[in-house]
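Report on one structure; see the data block that follows.
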Amino acid sequence: MKPRIAVLGCGYWGSNHIRTLKALGALHAVSDANRARAEGFASEQDCLAIEPDQLFVRDDIDAIVMALPPQFHADLAVRAAESGKDVLVEKPIALTVPDAERAVQAAKDNGRVFMVGHVLRFHPAFETLKGLIDKGELGEVRYIHSHRLGLGKFHTENDALWDLAPHDLSMILAITGTEPIEVRGEGAALLDNLSDFAHLHMRFPNGLRSHLFTSRLNPYRERRLTVVGTKAMAVFDDVEPWERKLAVYRHAVWQDSGQWAFTTNEPSYVAVAQGMPLTRELEHFIQCIETRAEPRTSGEEAIRVLRILTAGTVTHTTPNS
């Protein structure tokens, strides 16, 4: 029998969790502060609609997926863990590192699974890219840069950096295997006092450097992660069709008689098995509930991501400052 999972938060991303869990046969209930919204999903997906406060006391719920505004995540994750529920918390899991640490510690203290919704770690193209790196196909990784740009979404509590960068930071940390020793942030606020454009510059212990650019005021969508190694470069471009999502460039650069020389080559596209990242993420969550294994995207990883976000956040007193 699969675990009985409830989704708390029936907004845009919560609705994706609801439909995916239903397809996986693990959706037991939905919950939202807007009772009518929850009842609408319950009717549509043939499951229970439960008041938020009741989720934590019912014995027929094994786990809760939280897809709420981030300022509510930490307190409710603590409450879930103390009520004996496993949790998957959408990113960011909190707005401060202490709140994130408190939530993760509560799960540890109560023997609960704590997983974070860093969904791109489960993208088949990223998994294939990580495999190439681990096998040494790119040589020594020297530089990673990511661009996550588009128009929207707009939040009142978190800026473009906090909303968009967790995905890429999770992938960068998975590749580097360590936290940066230096983080420098830049930001620009056009609409209010929150950054609509944000840059992060990171330096890692082994000399690897990384640059991240996010924007919620960009006229076109860009979802690109580039990894530069000593033997080859690779690009994971999620805007491209499946057959072109992962490209490897085997360019060569060398010195000849004191002068730099280089050759360029056409990209080779790596075959990637198609699969929905959210489905794979929730399958992993279900497996972790059943086996009590540590999730690939653990609470500890989320804390590392929040440390970087905190270090790179730019505070604006007025727009354009």
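Which of the residues spanning segment 62-114 are touching a Leu at 6+ places or on another chain (Cβ under 6 Å) and at pLDDT 95 or above? Write out each step before concluding.
Taking segment 62-114 and keeping what is touching a Leu at 6+ places or on another chain (Cβ under 6 Å), we get 64-66, 70-71, 97, 100.
Scanning segment 62-114 gives I64, V65, M66, V97, A100.
State the number of residues belonging to segment 20-41 that are open to solvent by less than 60 Å² (accessible area, probe 1.4 Å), outside any loop (DSSP other than H, G, I, E, B) and within 23 Å of E281 (Cβ to Cβ). It would help to see each step written out before you state the result.
Initially, segment 20-41 is screened for residues open to solvent by less than 60 Å² (accessible area, probe 1.4 Å), giving 20-21, 24-32, 38, 40-41.
Applying the additional criterion that residues be outside any loop (DSSP other than H, G, I, E, B) yields 20-21, 27-31, 38, 40-41.
Imposing the further condition that a residue be within 23 Å of E281 (Cβ to Cβ) reduces the set to 20-21, 27-31, 38, 41.
Total satisfying the criteria: 9.
Is at least one residue of segment 123-131 among the polar types (S, T, N, Q), more than 19 Å from R296 (Cα to Cα) and touching a strand residue (DSSP E or B) at 6+ places or on another chain (Cβ under 7 Å)?
Keep residues of segment 123-131 that are among the polar types (S, T, N, Q), which gives 128.
With the extra rule that they be more than 19 Å from R296 (Cα to Cα), the set shrinks to none.
Within segment 123-131 (the criterion being among the polar types (S, T, N, Q), more than 19 Å from R296 (Cα to Cα) and touching a strand residue (DSSP E or B) at 6+ places or on another chain (Cβ under 7 Å)), the answer is no, since none of the residues qualifies.
This table checks each residue for (1) assigned to a helix (DSSP H, G or I); (2) open to solvent by 30 Å² or more (accessible area, probe 1.4 Å).
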residue: L95; (1), (2): no, yes
residue: P98; (1), (2): yes, yes
residue: R102; (1), (2): yes, yes
residue: A106; (1), (2): yes, no
residue: K130; (1), (2): yes, yes
residue: I133; (1), (2): yes, no
residue: R148; (1), (2): no, no
residue: A165; (1), (2): yes, no
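With respect to R112, is the statement that it is crowded, with 20+ Cβ neighbours inside 10 Å and part of a loop (DSSP other than H, G, I, E, B) true?
On the way: crowded, with 20+ Cβ neighbours inside 10 Å: yes; part of a loop (DSSP other than H, G, I, E, B): yes.
Against the criterion (crowded, with 20+ Cβ neighbours inside 10 Å and part of a loop (DSSP other than H, G, I, E, B)), R112 qualifies.
Would you check which residues across segment 1-10 are part of a loop (DSSP other than H, G, I, E, B) and at pLDDT 95 or above and list them?
Once the filter is applied, which keeps residues that are part of a loop (DSSP other than H, G, I, E, B) and at pLDDT 95 or above, segment 1-10 yields P3, R4, G9, C10.
With a cut-off of at least 2 residues that are surrounded by fewer than 11 Cβ atoms within 10 Å (Cβ to Cβ), name the strands (runs of 3 or more DSSP E) lying wholly within segment 198-271. Lay out the reasoning, then the answer.
Values: elements: 209-215, 217-229, 233-237, 246-249, 252-256, 259-263.
It comes to 217-229, 252-256, 259-263.
Given the criteria among the basic types (K, R) and touching a helix residue (DSSP H, G or I) at 6+ places or on another chain (Cβ under 8 Å), does R79 qualify?
Values: among the basic types (K, R): yes; touching a helix residue (DSSP H, G or I) at 6+ places or on another chain (Cβ under 8 Å): no.
Spelling it out, it is not the case that R79 is among the basic types (K, R) and touching a helix residue (DSSP H, G or I) at 6+ places or on another chain (Cβ under 8 Å).
Do the conditions hold for L120, that is, is it touching a residue at least 40 places away in the same chain (Cβ under 8 Å), open to solvent by 30 Å² or more (accessible area, probe 1.4 Å) and of a type in the set (A, V, I, L, M, F, W, C)? Before you say what the answer is, go through the steps one by one.
Working: touching a residue at least 40 places away in the same chain (Cβ under 8 Å): yes; open to solvent by 30 Å² or more (accessible area, probe 1.4 Å): no; of a type in the set (A, V, I, L, M, F, W, C): yes.
Criteria not met by L120.
The values are calculated or read from the model by the stated rules, or taken from the named source; none is laboratory data. Values in this document were obtained by computation on a predicted structure and should not be read as measured data. Ideal geometry is used to build each Cβ from the backbone, glycine not excepted, and the neighbour counts take in all protein chains shown. Areas reflect the complete protein model, heavy atoms only, side chains present, ligands, DNA and RNA absent. Shrake-Rupley method; radii C 1.70, N 1.55, O 1.52, S 1.80 Å.
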